[in-house]
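*Asks:* There's a structure below that I have some questions on.
Bear in mind that the values in this text are calculations on the coordinates, not laboratory data. The structure presented is a predicted model; accordingly, all values stated were derived computationally and were not measured. Glycine also receives a Cβ, built like all others from the backbone with ideal geometry; neighbour counts cover every protein chain displayed.
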């Protein structure tokens, strides 16, 4: 055979392999892009919802008994509106339902509890089975029994509700008020560990229960998708446990290759941990800074008397206060 | 005679494999890079608009220049979805009666109106012509390539096909979070 024949034979053998691997690579590449796109869309939508929550933040102040359901409703509505517009399917009911079922579980984290907004099935007044997102009852963050007698309900802040199972007494207050009774509350670190575990376990328990319910529904109504318990990073949990926010689990967007699409996104609204701005005078010069600033807490002290609080740095500057040169608020 | 056909066939095969296949490969990589650039720039532009609450002609021109630097031509669409809360009235015999309810309507404003505001023509060069959003509105930017990219053209030539779907398509944006004007 001549050299060209060898070359052609070589090409005929190698070409299918090259073609197949090249095609697979292209698919994997496009799949990665698609997943990154879904991630960005969901993260964006959650941030929008968190923004709406922080805009309506006055309902979440400490100890207020005002109704938060309007804000919750608004937050989830914003989340879905943002998703619909991102996929350009607004006012297209079939596609909107498709998108809804890709975000089957939203967890709304409040200061003293959390509630699930998740797909549920019920009979409506005409005896049709309806499947749509519903609010589930609010659950509290309840931890393990401490000292074999105290059942503690935690909040996102320092406040705790303690039930003494021996004397049947119900108490509430800052955790430091209970440090004589409960040894774990003596230091801030051990309290934080207990609190984080309690919140995390309450949410996980509730979520696991819901997954079982959802997968039962799925068997009855032929969903293609089985909901799985997502793996959440520890850092994200710590982030979640510090503020009012929305935790969203998205699964089942169409992908091209490999594992099913699975993503969770967390939007913290920065309501509770929002550092207020404090103004003070130092050598007759007005300054403003955050209350967490070391210079402020060491030199001025919180109870020096001549301090003034602002809600925003703009407000402080409008009153002639300079930004603190140490913490640059 | 038989030998001649054999040579022609070998020549075509050589041309395809030595020239077109590597070219296609390079062009496809170029498309991937272009997609990444467009994706990043769209997100950057949309985020800038959402965080400030307005578009200025400079912002828009810079965005167009940046995505045009990839070497393709693009069709850019801007969507401003205005959320307005309107009361619901019902028609009764005595005229309109307020039902006590409201609904949120989403009104789509497309890029024509936005661009008319940004670039009103030569008579208005001195004016501060920026397009302003309301906090809570939605803003999206959608970019797709116009015509075919080089990679698509070469692939179509090899495979004798005619691809109509754009190879670069990005939609980015979300809710407007600020009114810094």
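*Asks:* Taking the beta-carbon count within 10 Å as an exposure proxy, list A:297, A:168, A:54 from fewest neighbours to most. Before the final figure, lay out each step's value.
*Replies:* On the way: A:297 13, A:168 7, A:54 20.
So the residues, fewest neighbours to most, are A:168, A:297, A:54.
*Asks:* Also, I was wondering about something else. Taking the Cβ of each residue in A:308, B:109 as the centre, tally the other Cβ atoms inside 10 Å and list the residues starting with the fewest. Walk me through the numbers on the way to the answer.
*Replies:* Numbers: A:308 14, B:109 17.
Ascending number of Cβ neighbours within 10 Å: A:308, B:109.
*Asks:* Same structure again: Which order results if B:41, B:113, A:262 are arranged by neighbouring Cβ count within 10 Å, fewest first?
*Replies:* Numbers: B:41 22, B:113 12, A:262 16.
With the sparsest Cβ surroundings first, the list reads B:113, A:262, B:41.
*Asks:* Further question on the same structure: Roughly how compact is segment A:55-196, stated as its Cα Rg over 2.2 N^0.38 Å to two decimals?
*Replies:* It is 1.39.
*Asks:* Per the Kirkwood formula on distinct C-alpha pairs, the Rh of segment A:1-55 is how many angstrom? Can you show the working numbers first?
*Replies:* Values: mean 1/r = 0.0662 Å⁻¹.
It works out to 15.1 Å.
*Asks:* Taking segment B:1-124 on its own, what percent of its Cα-Cα pair distances exceed 22 Å? Mind dumping the intermediate values first?
*Replies:* Working: 4889 of 7626 pairs.
Above the 22 Å cut-off, segment B:1-124 has 64 percent of its Cα pairs.
*Asks:* Taking chain B as a Gaussian network, Cα atoms linked when under 10 Å apart, which of B:63, B:98, B:79 shows the biggest mean-square fluctuation?
*Replies:* Checking each option, the largest mean-square fluctuation is seen for B:98.
*Asks:* Related question: Can you compute the helix-only [θ] at 222 nm over the protein assembly as shown? Use -39500 (n - 2.57) per DSSP H run of at least 4 residues, normalise by all residues, nearest 500 deg cm²/dmol.
*Replies:* Numbers: 11 runs with 203 residues, N = 510.
Calculated at 222 nm, the ellipticity per residue is -13500 deg cm²/dmol.
*Asks:* Among A:12, A:231, A:76, which one shows the biggest mean-square fluctuation in a GNM of chain A, springs joining Cα atoms closer than 10 Å?
*Replies:* Looking only at A:12, A:231, A:76, the biggest GNM fluctuation is shown by A:12.
*Asks:* With the convex hull built on the Cα atoms of chain A, state its orientation-averaged projected area in nm².
*Replies:* Values: hull surface 118.7 nm².
Value for chain A: 29.7 nm².
*Asks:* Principal axis extents for segment A:170-218, Cα atoms only, whole Å, descending order, please.
*Replies:* Computed over the Cα atoms, the extents are 50, 24, 13 Å.
*Asks:* Of B:58, B:68, B:43, which has the largest mean-square fluctuation in a 10 Å C-alpha GNM of chain B?
*Replies:* Among B:58, B:68, B:43, the largest GNM mean-square fluctuation belongs to B:58.
*Asks:* How large is Rg/Rh for segment B:62-109, to two decimals, with Cα atoms and a Kirkwood Rh? Let's see the in-between values first.
*Replies:* Values: Rg = 21.2 Å, Rh = 14.7 Å.
Reported Rg/Rh (Cα atoms, Kirkwood Rh): 1.44.
*Asks:* May I ask for the angle, rounded to the nearest 10°, between helix A:188-221 and the longest principal axis of chain A, with both axes built from Cα atoms and the value confined to 0 to 90°?
*Replies:* Approximately 40 degrees, to the nearest ten.
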